[in-house]
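The values are calculated or read from the model by the stated rules, or taken from the named source; none is laboratory data. Keep in mind that what you see is a predicted model, and the values were worked out from it rather than measured. Cβ atoms come from the backbone with ideal geometry, glycine included; neighbour counts cover every protein chain shown. Surface accessibility is based on the protein's heavy atoms, side chains included, excluding ligands, DNA and RNA. Shrake-Rupley method; radii C 1.70, N 1.55, O 1.52, S 1.80 Å.
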Amino acid sequence: MDKPLIEAATRVAALDDENRRRMYMFIRREGRPVSREEVAKELGLSRKLAAFHLDKLSEKGLLKFHYARPAGRSGPGAGRPAKVYEPSEVEIEVSIPERRYDLAGSLLADAVRIKQPGTSGYQQAIRVAREAGTSLGRDIRDARRLRPPGAERTLAVVREILEEYGYEPFEGPPQELALRNCPFHALSAHAPDLICPMNHAFVEGVVRGLGNESVIVELVPARGQCCVRLRSPKSS
């Protein structure tokens, strides 16, 4: 399980406690920074217990906090600023196996937004997906200061990248890399003629962005697996 999925699962686990769940929902409903005292009063808890749970929710990234004086109080006699909490921008989504509909959605949105005259929606979606993959591969190549890698090194690096994106890569025959999970499963089932070529273009873009032109990236639909497979030219 990769880091983002672990973090999401940890946040969900933090809300398993009834008090924390009620606190979180209360603060979301209020739509403003809320103090420990207000939360304690709302839930019928001691201030100390409310503070403990609120800080745990903050540690998990579900809440954020700052210090502020109570409304209407200012000047020397207003007392010390109190800790107040509000919802963070974190969204919680856990899916096993992992799905990346956010990625597919952003690619499709870009395809519509920057559509070029004389280009079909299908062609634009494929182009955007390939460019996104190429950009990702190039960024990783630059960050790691990689020289154009050979086939073996490319497959190893791509495996790491695709693990982060939920593809669940695994080694098939020698010098081949298959992908057990399709991060766009529901979309590919609905529109395989669009989503599968987009997926293929994205993965191929990653490979080319790394600087490798020899690894073969194939669109090979297989039951229970992702439609993309990678292999070294030596495996042919």
### Query
How many residues does the stretch 67-86 contain that are modelled with pLDDT of 70 or more and open to solvent by 70 Å² or more (accessible area, probe 1.4 Å)?
3
### Task
Taking the options A50, A40, name whichever one is among the aliphatic types (A, V, I, L, M), within 32 Å of the chain's Cα centre (by Cα) and open to solvent by less than 70 Å² (accessible area, probe 1.4 Å).
A50
### Task
From E93, E89, grab the single residue that is within 25 Å of the chain's Cα centre (by Cα), at pLDDT 80 or above and part of a loop (DSSP other than H, G, I, E, B).
E89
### Task
Counting only residues that are in contact (Cβ under 8 Å) with a residue 60 or more places away in the chain and open to solvent by less than 20 Å² (accessible area, probe 1.4 Å), give me the helices (runs of 4 or more DSSP H) lying completely in the stretch 124-234 with at least 2 of them.
151-164, 192-209
